[in-house]
Every structure is written in structure tokens, then in C-alpha cells.
Amino acid sequence: MTEDFISLQSIRKSYGPVVAVDNVDLQIAQGTFFSLLGPSGCGKTTLLSLLGGLDVPTSGKIFIDGADVTTTPSYRRPTNMVFQSYAIFPHLDISQNVAYGLRRMGLSRQEITQRVGRMLELVRLDGFGDRKPDQISGGQAQRVALARALVMQPKVLLLDEPLSALDKRLRQSMQIELRAIQREVGITFVFVTHDQEEALTLSDRIAVMARGQVLQCSSPAELYDHPVSYEVADFVGEMNFLPAVVQSSREGETRVSIPSLGEHTLTGAHPRYRKGDAVRVAVRPENIDLAAANGSPSFRIADRAYFGSRVHFILNGDGTPITAALHSAAARKLDSLCAGDAVSVSFDSETAIILPA
Ligand code: ADP
Ligand code: MG
């Protein structure tokens, strides 16, 4: 496995005054499910188009499998693309749709039939080959688009928000299937999404983008547990940001004072702060613990919402509201408490992250 199977070096793409991709460096290892995650307009589609050769960077270089493909046209790259609007041909049946690219390559009828059959099996559409596109569901149509791209045996499959047109349930089951298919074929997937949950579920690695730049590139767990900035922490998952003041700080260990929550020592990689610096302490809702008030800090229940296995409590104190997500068993112990009742709030310092204010 090569770690830099795909290598983007100082990639920039501007459209007139608009800088769509701004000095991006990325390495993507062979066989990974890699996601580009970020809000609409951050440059994801542009970056994917540059990888697929639908567009040429203003500056920088792109290597795939050791070859400089920066200016190589799309049809000569080892890439294939699946779009959000899976334009499958309405007048061709499912098999003919999947066979389309192979026919153009001039393969024998027998080889085409074999490869199409294997692909339809892979995307679990065996038996659907004779149907027309208007006789299948949206999820099945997206699988046809996937089969049509994979049948060409690309080294890299580029997917631009392929599931975003599907309803939530279907999207979730397609996510699981897509992941399983990627594992089975072992092809490198570069997957674009604006949905952080989707990226976390599917990916081996995620590059978080904003304003054409990559803010962080890491594994889903690393991204969730150790976001490198406020912007990343705010975008990925739910997060409480507690304003705090630095009491003392040395390399990798800072003591802070958080109004209503007392003093805490925070560890983990972070820069050294100065006494008196204003910072934000980021704590995930599931890392906040609640108990019936015992005289200590003053928070009140503003609201609570049930999410099946979890219950979310919204708490008001002096400052910004805090969200706590409790397992239903832990939440049950607080059943007698109503909106307006006082609770004491605590969190495990080890799970908290210190970020500049
Ligand atoms: P995303 O896919 O993350 O939503 P895009 O890559 O489509 O973002 O767009 C990034 C930025 O580049 C946006 O500001 C968009 O308006 C601009 N942009 C994209 N393509 C073009 C184009 N062909 N001409 C001009 N501006 C473009
Ligand atoms: Mg896009």
C-alpha cells in the first residue's frame, strides 16, 4: 500500500477573482475511503474535478499512482466519477447502462456480460438487469450509477455527494453498502459530502475544508476527539464551548477557570497560553454529567429532548446554554426533575479540549 498513492501538491484553482481551492496539500493512501468534508461552497467539487481531470489547476501538481496527471484529460486518467445527479440513460435497461462504458471500449460481448453480471451482483441488483430506469427506486438508480463507474475498474473512484438526493433512511443503508462495496473492491474512494455524520461513518480519513483550504486531515476518531481549531470543532459533531480564563500554563498542561464550573487542568497537545488569556474549553455533550443539585454550581434545566438511546438536556447557567447528552439509563435517574429545577454539572477534564477564544 502506498501512502501517497494520490498526492496533491500546492493545488490552487481560481475562477477570476474567486479562489475555489487555496493551496491544498493532501496525500491519500491506496485503498482508503477518503472524504472531503465541508460546508457548501468550500471547494469540494472543484477539488474533485481537478482530481478527475474535468478541470486543470491554476497552479500546483497532481500525482496518481506515481504519474503526474496535472494536465491529463479525464478520459486518460485512472479515475471515474459518480455524481449527485446520477444521470443514468432512461432509454437503456439497467444492464445496458452498466455496460455502456465497456461497449465503447470494444470488449467482447461475452466479457461485457460477465463483468456486468459481477457488478450487478456486487451492488445487489442481480435480477434487475432487464428493468428500465423508471422501474427502479432512487437508491437502486444510485447503485446503477455506482456499478457503471466501478465496472470500468478505475484505480480511483470519485464520488460527489452521491447520497444527498436520497431520504434519510435510504441514505443510511446506502452508506453501509457503499462502505462494504469499497472494502470488497479495494479501490481508493474519494468521497465528497457536507454531512459530517456521513463522513464520520464512512471514512478511513477525512479532510475538513473551509474557504478552499484543508483545516484538518485525520481519522474520524482523531477528528472527533481532537479537533485542531474552533472551526473544526464547531463543524464536526455537537460541541459545548465554555468560555474560560487561563490560571497557569505549561507545555501540554493548562489550568483554567470556568465560570460556574470551577477550575480544571487540561492536558493533551495545545500551545502554551499566558495567565489571564481568554480561551474556550470544548466539551462534547456526551462527556457532560448531571446530578440532582447538591448545593454546588448553579445550572437549571431549560429543556430536555429524547433521542431513543440518549436524552439531551439543555441547561442554563450564567453564560451560554450547555447541552448534556445522557444515556437513557443515566437520564432515568433524573426523571423527577422538571424544567426550572437546579442540577449540578460536571465533566471529565480528560475529554475536554482547550482552544483559543
Ligand atoms: P462545494 O462543492 O464545496 O460546494 P465548489 O467547489 O462547487 O464548492 O465551489 C467553490 C467556490 O468556487 C464557490 O465559491 C463557487 O461559487 C466557485 N466556483 C466553482 N466553480 C466555478 C466556476 N466554474 N466559475 C466560477 N466560480 C466557480
Ligand atoms: Mg459541490
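Of note:
- Matching residues, the range 169-187, being over 16 Å from the mean Cα position of the chain (by Cα) and either farther than 19 Å from R118 by Cβ or within 16 Å of ligand 1 (Cβ to nearest atom) (or both): R169, L170, S173
- Selected residue [surrounded by fewer than 20 Cβ atoms within 10 Å (Cβ to Cβ), of a type in the set (K, R) and over 26 Å from the mean Cα position of the chain (by Cα)] from R205, R272: R272
- Contact map, the range 147-175: first residue of a type in the set (S, T, N, Q), second residue within 16 Å of ligand 1 (Cβ to nearest atom) and open to solvent by 60 Å² or more (accessible area, probe 1.4 Å), Cβ cut-off under 9 Å, separation 6 or more or different chains; pairs are S164/Q84; S164/H194.
- Close contacts from the range 1-27, counting a first residue that is of a type in the set (D, E) and at pLDDT 95 or above and a second that is open to solvent by 10 Å² or more (accessible area, probe 1.4 Å) and more than 16 Å from ligand 1 (Cβ to nearest atom), with Cβ to Cβ under 8 Å and a gap of 6+ residues or different chains, come to D25/Q9; D25/S10.
- Restricting attention to the range 52-63, the residues that are without any contact (Cβ under 8 Å) to a residue 40 or more places away in the chain and open to solvent by 50 Å² or more (accessible area, probe 1.4 Å) add up to 2.
- Filtered by the rule that a residue be surrounded by 15 or more Cβ atoms within 10 Å (Cβ to Cβ) and within 16 Å of ligand 1 (Cβ to nearest atom), the range 143-168 gives L158, L159, D160, E161, P162, L163, A165.
- Residue in the range 267-278 that is of a type in the set (A, V, I, L, M) and at pLDDT below 95 present: yes
- Under the condition of being over 18 Å from H194 (Cα atoms) and outside any loop (DSSP other than H, G, I, E, B), the residues counted in the range 230-251 number 11.
- Search result, residues across the range 31-80 that are part of a loop (DSSP other than H, G, I, E, B), hydrophobic (A, V, I, L, M, F, W, C) and either within 23 Å of the chain's Cα centre (by Cα) or within 16 Å of ligand 2 (Cβ to nearest atom) (or both): C42, L54
- Cβ-Cβ under 6 Å pairs, at least 6 apart or on other chains, the range 38-51 side on the phi < 0 side of the Ramachandran plot and without any contact (Cβ under 8 Å) to a residue 24 or more places away in the chain, far side more than 9 Å from ligand 2 (Cβ to nearest atom) and outside any helix (DSSP H, G or I): S49/D55
The values are calculated or read from the model by the stated rules, or taken from the named source; none is laboratory data. Treat the numbers as computed from the prediction; the structure is a model and nothing was measured. Methodologically, a virtual Cβ is constructed for each residue, glycine included, from the backbone with ideal geometry; neighbour enumeration extends over all protein chains shown. Only protein heavy atoms, including side chains, enter the accessible area calculation; ligands, DNA and RNA are left aside. Shrake-Rupley method; radii C 1.70, N 1.55, O 1.52, S 1.80 Å.
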